[in-house]
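Trainee: What follows is a single structure, and I will ask about it in a moment.
The values are calculated or read from the model by the stated rules, or taken from the named source; none is laboratory data. Note that the structure is predicted; figures quoted are calculated from it, not measured. In this analysis, Cβ positions are derived from the backbone assuming ideal geometry, glycine residues included, and neighbour counts consider all displayed protein chains. Accessible surface is based on the protein model in full, side chains and every heavy atom, while ligands, DNA and RNA are left aside. Shrake-Rupley method; radii C 1.70, N 1.55, O 1.52, S 1.80 Å.
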Amino acid sequence: MKRLIERSRSVGEVLRWVTQNPGKVSASHYPIALHKLGQLLQQQQGQAVLNGESRGPGHVLEQPEFQALSQAIVSGCAKFDNFSIVNCLYAAAALGLPGESALVRVLEDESRSRLGRFNQKDVSMVFSSEANNKALEAIFSSQLFYENRQERFIRSMAEWLPRKAENLTPYTMALIAKYVARHRLREPRLLDTIATFLLKRGEQLDSKVIQKLVFPFSRMNYRPANHGELFPKLEVILEQKAGSSPLATVNILMSMFQLSHFPQSVLHQVFSPAFITNVMSSPYALIVRRYLSLLDAAVELEFRDYSGPRLDPRYRVLMFEHALTADEANRKYSYKGLVAEALRQLVGEECYRQDEVLPPGYCTGTAHRAGAARASTASLCVAAHPHRPSADFLLWINRSGTVLPLSRVPVMAKSPAAPATTSAAALALRSSVLALASDLQDFAPVVLSVNDKWHYCQNSDILVGSRAMRDRHLRLLGYSLVQV
């Protein structure tokens, strides 16, 4: 039957084979028939255009034989395998069947009920076929789908999303943004579409939704094409809604800071006593304090023109107290072990420090060794990443390439100092680093940065936003960075 369908030369021939031989037709034959119908109709339409005629597929879809084919699929699809279900849906979309048709509705419902059992190829084809919010929400909420990435699907989504974005709900767009961020997809068409959606609807959204839509921009270190309009509008929205969700507010600010945009008026609010008091009485007080501490350090280093209120030193906390579980899981995928072994053989273990916390609170590794010292001279807490510390090494090297044994580095470079209590802490810290280098006869602190694949946008040499900001700050503090 498969061969007969594929060799058919007309729409009528395909329909006759399928409808007149029901006993010989299995589930796998239906998508083949639908695809063949699509090919033949496309050929007919092409010939009609050449002849100056206008002919759509409607006349075929209304034929009794096609209606019988559709009814057979509707009646039997619950028994179809996943591949046949998805292929039927894909072929129905290619045929131009309306979303409200019985065939499409039943196939969509059956697809949604099976999402947990679909493989990634199946889900990609479902996305190519469906265009309504309910179906997309089901797909993007699927854990199997969320955790996997497929290039063909991404290309399809980049083509599809700009045309359909206006019809999507904020919840659906937020799920898409989450997927984009999860897989570090620096695809301008996707990111610019999210930005356009946010620009048009931002005033109607609450802060928690806005933070989900903004996050992909900082994650991918990408300023959308409309940032000149979008960022000022976000500032206005944040001014109005800053107190309604403090955690969402600081998350949005963090995204803007990573893109080197510093909204002064919003900073006045988040560093105000009223905002801080509100935060301290909330269940997420610690995480907001950590982010505020990070923002305060970024202001000190990058926003020298700011003259408004700053975070009270009493509320400054370190972003990371210990290694995160995720970092231990990623250790086996990192090149860090190879770099450590190479350094051990080249310069010796006494000449470098691994898994170190550098001022002002940057963690240079995925975990702290037992007894490892912190080379911190202030309690400002600029974090390498809100979810994953970086994997680096610290050495002292002079211009000729000589590496200084750490036993000769003064204690102030190895041990934490008292908490900083002045707003000029970062400037003093930078001065101390430079002075220390001078005292060590031209030896300077060097961070050997091991950038693994998760530190970059997908298929790109562009660092994710948090990593890029971390590098900017370390350079401003007087460290030399060598990327590996």
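Trainee: Using label points projected 7 Å from each Cα along Cα→Cβ, tell me how many nm separate ASP442 and SER75, to one decimal.
Mentor: With each label placed 7 Å out from Cα toward Cβ, I get 9.0 nm.
Trainee: Suppose the chain between ILE462 and GLN264 were pulled fully straight at 0.36 nm per residue; how much longer would it get relative to their current alpha carbon spacing?
Mentor: Result: 68.5 nm gained on full extension.
Trainee: So for the range 132-315, averaging the separation of alpha carbon pairs under 8 Å that are six or more residues apart and normalising by length, what relative contact order in percent results?
Mentor: 17 percent
Trainee: How high is the relative contact order of the range 1-116, in percent, with contacts defined as C-alpha pairs under 8 Å that are six or more residues apart?
Mentor: 28 percent
Trainee: Next question, about the same structure. Provide, as a two-decimal number, the C-alpha radius of gyration of the range 132-315 over 2.2 N^0.38 Å, N being how many residues it has.
Mentor: Against the empirical 2.2 N^0.38 Å value, I get 1.07 for the range 132-315.
Trainee: Ranking request for peptides 30-37, 67-74, 289-296: highest mean number of other beta-carbon atoms within 10 Å first, then the rest in descending order.
Mentor: Final packing ranking: 289-296, 30-37, 67-74.
Trainee: Next up: Just to check, using Stokes-Einstein with a Kirkwood Rh over alpha carbon pairs, what's the diffusion coefficient of the range 1-116 at 4 °C and 1.567 mPa s in µm²/s?
Mentor: 89 µm²/s
Trainee: If you rank ARG16, ARG467 by how much accessible surface each has, with a 1.4 Å probe, what is the order from largest down?
Mentor: Output order, biggest surface exposure first: ARG16, ARG467.
Trainee: Something else now. Applying a 10 Å radius around every beta-carbon, put 278-284, 235-241, 181-187 in order of their mean neighbour count, most first.
Mentor: 181-187, 235-241, 278-284
Trainee: Report the full-extension gain for the segment MET1 to GLU349: residue separation times 0.36 nm, less the Cα-Cα distance, to one decimal in nm.
Mentor: Going from the current span to full extension adds 118.2 nm.
Trainee: In debye, nearest 20: dipole of the range 132-315 around its Cα centre with unit charges on the Cβ of K, R (+) and D, E (-)?
Mentor: Its charge dipole is roughly 560 debye.
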